[in-house]
Amino acid sequence: MPKKNSILHSLRLWLYVKRLNYFQKKLKNDIQKFTSSQEGGKYKQEGNFISQNGLKIFPYPFQFQYIKDAIELGYEEGYPFFNYKGSNLYLPNSMSAEKAKGYANEVLMEQDERSPHVYQTPLFSLDQEDILLDIGCGDANFSLESIEKVKKVFLFEADPKWVVPIQKTFKNWKEKVLFFNKRVGVDADSIDLVTLEELESQNLFFKIDVDGAEREVLKLIDPLFPKLGSIKVAICTYHQNADADEFEAWFKSRGFETSFGKGYMLFHPDRKIKKPFFRPGVLFAYRNAG
């Protein structure tokens, strides 16, 4: 029986790899054809990059400046950490050195100022009157780089592997950080933001990156808006085909000014990806108090 199971596993793996290779080859060809057409001319730069370098989530050469083996790790009580914009950012102790270096390299690349995935722009930034709500914070790198710029930080992350790393990352700012090892929601196992009275009348900055569940978060925070001061939102728009258009329309219908960050992302892990293939990474939305 073990031998039979092994054969079945190998067959499934072979089929998966074969299908993945077919999907990726077809996607690359479709992108090349589209970006060479008049319809897709807007994305010619990105299309040329993909033609020369293969499928990349960030279709720009800045990523080649990031080298995993150049990452220097430190350890504290078995937890790896690396220097993130001048501060130590801790990772789960379940990560091997190799995996931790790869993860750190991806974070640094993702938050490069030239990346389409950054959560601030020169015209859209945090200030000392803002409370930052980092929804789907993961390692909380954005909150770490913003901790000295804001009044307070609320972290929301349901994955328990991040509890200790986050405690270590923010050990010098305990008075400014509230961490909820729960998702945002309305059931007993989540946090309903509407019930957090200390947010009322405050200026809030929402950073929302929840791996495709952004629509659910928008439904949950909508009732909170009338209770707030000024509102800034940085929300990821690359997980699904219609995210950028639908999210922008959603915010505009509620009186927000909107803009997108620079550049595009090619989120090729999405098997439902379709033209124009390249998606804005982050939508910025702003509304004054009142």
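The values are calculated or read from the model by the stated rules, or taken from the named source; none is laboratory data. On a predicted model such as this, the values are computed, not experimentally measured, just so you know. We place every Cβ from the backbone using ideal geometry, glycine too, and count neighbours over all the protein chains shown.
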- Odd one out for A140 among (1) surrounded by fewer than 18 Cβ atoms within 10 Å (Cβ to Cβ); (2) modelled with pLDDT of 95 or more: (1)
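Just a yes or no: is a residue in segment 136-150 part of a strand (DSSP E or B) and in contact with a Lys or Arg (Cβ under 9 Å, 6 or more places away or on another chain)?
Going residue by residue through segment 136-150, those that are part of a strand (DSSP E or B) are none.
No, the conditions are met nowhere in segment 136-150.
Scanning segment 118-137 for residues that are more than 15 Å from the chain's Cα centre (by Cα) and of a type in the set (D, E), which turns out modelled with the lowest pLDDT?
Of the residues in segment 118-137, the ones more than 15 Å from the chain's Cα centre (by Cα) are 121-132.
If we keep only those that are of a type in the set (D, E) as well, we get 127, 129-130.
Values: D127: 90, E129: 93, D130: 96.
My answer is D127.
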- Item | Qualifying position, being modelled with pLDDT of 95 or more and part of a loop (DSSP other than H, G, I, E, B), among S51, S115 | S115
- State whether one or more residues within segment 103-110 are touching a helix residue (DSSP H, G or I) at 6+ places or on another chain (Cβ under 7 Å), closer than 17 Å to A234 by Cβ, outside the structural domain of G281 (by TED's automatic domain parsing) and not in a strand (DSSP E or B). yes
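Regarding F81, is this residue closer than 17 Å to F267 by Cα and surrounded by 14 or more Cβ atoms within 10 Å (Cβ to Cβ)?
Values: closer than 17 Å to F267 by Cα: no; surrounded by 14 or more Cβ atoms within 10 Å (Cβ to Cβ): yes.
Spelling it out, it is not the case that F81 is closer than 17 Å to F267 by Cα and surrounded by 14 or more Cβ atoms within 10 Å (Cβ to Cβ).
Identify, from the list I50, I57, I67, I31, the residue that is of a type in the set (A, V, I, L, M) and exposed (fewer than 13 other Cβ atoms within 10 Å of the Cβ).
On the way: I50 fails: exposed (fewer than 13 other Cβ atoms within 10 Å of the Cβ); I57 fails: exposed (fewer than 13 other Cβ atoms within 10 Å of the Cβ); I31 fails: exposed (fewer than 13 other Cβ atoms within 10 Å of the Cβ).
Only one candidate passes the filter, namely I67.
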- State which residue pairs qualify: first residue aliphatic (A, V, I, L, M) and inside segment 195-218, second residue part of a helix (DSSP H, G or I) in any location, beta carbons under 6 Å apart, and separation of 6 or more residues or different chains. I208/E214; I208/V217; V210/V217
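Against the definition (outside any loop (DSSP other than H, G, I, E, B), free of Cβ contacts under 8 Å to residues at least 60 places away in the same chain and within 21 Å of T237 (Cβ to Cβ)), how does E98 come out, yes or no?
Values: outside any loop (DSSP other than H, G, I, E, B): yes; free of Cβ contacts under 8 Å to residues at least 60 places away in the same chain: yes; within 21 Å of T237 (Cβ to Cβ): no.
No; evaluated as a whole, the condition is false for this residue.
For the condition over 24 Å from G138 (Cα atoms), outside the structural domain of S146 (by TED's automatic domain parsing), surrounded by fewer than 18 Cβ atoms within 10 Å (Cβ to Cβ) and hydroxyl-bearing (S, T, Y), what is the one hit in S37, S87, S94?
S37
Of these, K262, K275, which one is closer than 27 Å to N29 by Cα, touching a helix residue (DSSP H, G or I) at 6+ places or on another chain (Cβ under 8 Å) and outside any strand (DSSP E or B)?
Within the list K262, K275, the selection yields K275.
Results for (1) touching a Phe, Trp or Tyr at 6+ places or on another chain (Cβ under 9 Å); (2) more than 19 Å from Y119 (Cα to Cα), shown as yes or no for each residue.
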{"residue": "N172", "(1), (2)": "no, yes"}
{"residue": "K176", "(1), (2)": "yes, yes"}
{"residue": "V186", "(1), (2)": "no, yes"}
{"residue": "L193", "(1), (2)": "yes, yes"}
{"residue": "K207", "(1), (2)": "yes, no"}
{"residue": "K227", "(1), (2)": "no, yes"}
{"residue": "V233", "(1), (2)": "yes, no"}
{"residue": "A242", "(1), (2)": "no, yes"}
- Only one of (1) part of a loop (DSSP other than H, G, I, E, B); (2) under 20 Å from P116 (Cβ atoms); (3) at pLDDT 95 or above does not apply to G255, and that is (2)
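Of the residues K33, K26, K85, K101, which single one is at pLDDT 95 or above, at positive phi and among the basic types (K, R)? Talk me through it step by step, then tell me what you get.
Values: K33 fails: at positive phi; K26 fails: at positive phi; K101 fails: at positive phi.
Just one listed residue meets the conditions, K85.
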- Quick one: which of P226, P276, P269 is within 24 Å of G54 (Cα to Cα) and more than 18 Å from the chain's Cα centre (by Cα)? P276
- Query: In segment 152-184, how many are among the β-branched types (V, I, T), outside any helix (DSSP H, G or I) and within 18 Å of the chain's Cα centre (by Cα)?
  - Reply: 2
- Message: Whether any residue in segment 189-196 is farther than 30 Å from Q24 by Cα, assigned to a loop (DSSP other than H, G, I, E, B) and hydrophobic (A, V, I, L, M, F, W, C) is what I want to check.
- Response: yes
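Can you tell which of A234, A213 is of a type in the set (A, V, I, L, M) and buried (at least 21 other Cβ atoms within 10 Å of the Cβ)? If you could, list the steps in order and put the result at the bottom.
Details: A213 fails: buried (at least 21 other Cβ atoms within 10 Å of the Cβ).
Just one listed residue meets the conditions, A234.
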